[in-house]
There are 2 protein chains.
Amino acid sequence: MVTKPRQYQLIYESLKRQLVEGIYPKGSLLPSENELSVTFQTTRMTVRQALTELVREGFIERRHGKGSIVRSERQALGLLSFQGFSEVVGNNHVVRTEFLAPLTLMSWPTDFFYNLTDTERNLDCLFLHRLRYADNNPIMLEHTFVPDIGLDSLQADGLLDGSLFRTLSNRYQLDIRNMEQRLRAVKATIEQAHLFGCTKNTPLLYIERRYLTNRPNLNVYSRLFCFTDHYAISGGL
Amino acid sequence: MVTKPRQYQLIYESLKRQLVEGIYPKGSLLPSENELSVTFQTTRMTVRQALTELVREGFIERRHGKGSIVRSERQALGLLSFQGFSEVVGNNHVVRTEFLAPLTLMSWPTDFFYNLTDTERNLDCLFLHRLRYADNNPIMLEHTFVPDIGLDSLQADGLLDGSLFRTLSNRYQLDIRNMEQRLRAVKATIEQAHLFGCTKNTPLLYIERRYLTNRPNLNVYSRLFCFTDHYAISGGL
DNA sequence: CTCGCTAACTTGTCTATACAAGTATCACTT
DNA sequence: AAGTGATACTTGTATAGACAAGTTAGCGAG
């Protein structure tokens, strides 16, 4: 059962597609809310909901009395918005993900970096160990932990396109609703240095994340090590 | 001329005040949107606008069919939302800001970390050099650059309460509309190590920020060095 | 007692409209 | 030429409803 797309979602996706395709030059104005509400056969409030989302993701900027201005700079890697790697980065950089270990089903680590809920503790844990590249440079080492709610065919069907969250949403109706994260700077271990092609003790950006889903007490957890010497990590809002 | 507060702003501030005062226990539910619209003599849509802002700042979380759930964990220092230090951190931690140098008016550094607009290049630059503490531990070294639009009495009147942005908004009608940032991990210099009480080459979280304001081509810039060994930096959404 | 359905809540989405307020343009006045 | 003001745009805020859809508690049938 695929969830029926909402109207504002359709508008959002339509505009976003045009934005990433570069239909609108940077700095130009989108059609006004009134024009959009006519072309999409809906009301201004619904259009505004779509535009608000585009603002939140940094695609456009709005000025009272002026209009919606196309930003689309995205000079660095964006991952502070919660889409995930392939969603946000894809526009300006060639992205690739490498599995450092096969997908494994295991029990939760004893000293986990977040407090698990009871629901999660009673489940097994699916572990993904991935190294992510931008423009063929290793950038991000990611440990992802997903509570096992019968995700049997996860690797087979959907993960090949690189988007874990889209797969979870489409195949298992597990939607990410929210994200929270803690940031630190740490020293690279010798193993990490090897992966990134840097020296031991090089500073890495370390991020612990909890993705809240539509199922109560079910979260997806991630631990990221980012090598930022050549690429900064960008965020916004 | 003080801008007249909007209705949803009043609702937002009222709820936020109650939240930081701890009226609602963590995990409990706020009054429903219908109840709130009655007590505030307005409509659901207006209440929703206030609630949406509280969600964006991480105070509450909303569940379809359930209600608005009070989060207010804020276990770490939050600075990825764009309010600024004193706004976000204040609840759980005792915050203090120390000026490492007097407020100085100067021209822009030649190798600035963002590309300046022409408008900005033609102005002088106000420089703030501050060290910020949480619970009496030095946490964040901040270099802030504000284009000088006649901010003569900045230090005298408003900065004593520690909130630069509130001062800029109240006294000079310069409102922050948006923020974008780039994150890196870097090594502490010997001077920084001295300030934070750590050793040279300790990894620091380095953040470059541009705050977009309501005046076109006028931004506020900040460079942050965060010592994250004892306090993580938290963000969300 | 347990299961399943219903009823009464909740938030999510959407319509249709109105006025406030910021922006840009252009004709007109000085 | 420079400034003024009207005007026609834009987005921001707000009203007053409607139905969809998720959640929960309780009632009744088994």
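Using a 1.4 Å probe, what is the accessible area per residue for region A:27-69, in Å²?
55 Å²
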Straight-line reach from residue B:26: which lysines fall under 17 Å, measuring Cα to Cα and dropping same-chain residues less than 8 apart? B:16, B:66
For residue A:179, distant residues with modelled amide H under 5 Å away: A:212, B:237
Tabulate in residue order the Karplus-calculated ³J(HN,Hα) for region A:188-202, using 6.51 cos²θ - 1.76 cosθ + 1.60 with θ = phi - 60°, rounded to whole Hz; enter x for Gly and Pro. 5, 6, 5, 5, 5, 4, 4, 5, 8, x, 10, 8, 4, 6, 4
For the pair B and A, total buried accessible area rounded to nearest 100 Å², probe 1.4 Å: 3200 Å²
Using a 1.4 Å probe on the protein chains only, how many percent of the accessible area of region B:7-70 belongs to carbon and sulfur? 52 percent
From highest to lowest solvent-accessible area (probe 1.4 Å; ligands, DNA and RNA excluded), B:6, B:132, A:184 read B:6, A:184, B:132
Tell me, what is the FRET efficiency for residue B:94 and residue B:29 to the nearest 0.05, using R0 = 35 angstrom and their Cβ-Cβ distance as r? 0.70
Going by amide H atoms built from the backbone, whose H comes under 5 Å of the H on residue A:231, apart from near neighbours? none
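Within 10 Å of each Cβ in B:182-195, how many Cβ atoms from other chains are there, averaged over the peptide?
5
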Kindly report, to the nearest 10 Å², the accessible surface of residue B:33 as traced by a 1.4 Å probe over protein heavy atoms only. 30 Å²
A student applying the Cα gyration tensor rule (rounded when a/c is under 1.5; otherwise prolate if a/b is larger than b/c, oblate if not) would label region B:188-237 oblate
Partners for residue A:187 among lysines (Cα-Cα distance below 17 Å; same-chain residues under 8 apart left out): A:200, B:187, B:200
Taking each residue in B:198-205, count the Cβ atoms of any other chain within 10 Å of its Cβ, then average. What number comes out? 4
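Is region B:1-56 rounded, prolate or oblate when judged by the Cα gyration tensor, a ≥ b ≥ c being the square roots of its eigenvalues, rounded requiring a/c under 1.5 and prolate requiring a/b larger than b/c?
Oblate, because a/c is 1.5 or more while a/b does not exceed b/c.
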Normalised by the residues of region B:7-70, what does the relative contact order come to in percent, with Cα pairs under 8 Å and at least six apart? 42 percent
In nanometres, the difference between 0.36 nm per residue of separation and the alpha-carbon distance of residue A:16 and residue A:63 is 15.0 nm
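The values are calculated or read from the model by the stated rules, or taken from the named source; none is laboratory data. Predicted model, so just to flag it, every value in this text is computed and none were measured. Here Cβ is always computed from backbone atoms with ideal geometry, including for glycine, and neighbour counts include all displayed protein chains. Areas reflect the complete protein model, heavy atoms only, side chains present, ligands, DNA and RNA absent. Shrake-Rupley method; radii C 1.70, N 1.55, O 1.52, S 1.80 Å.
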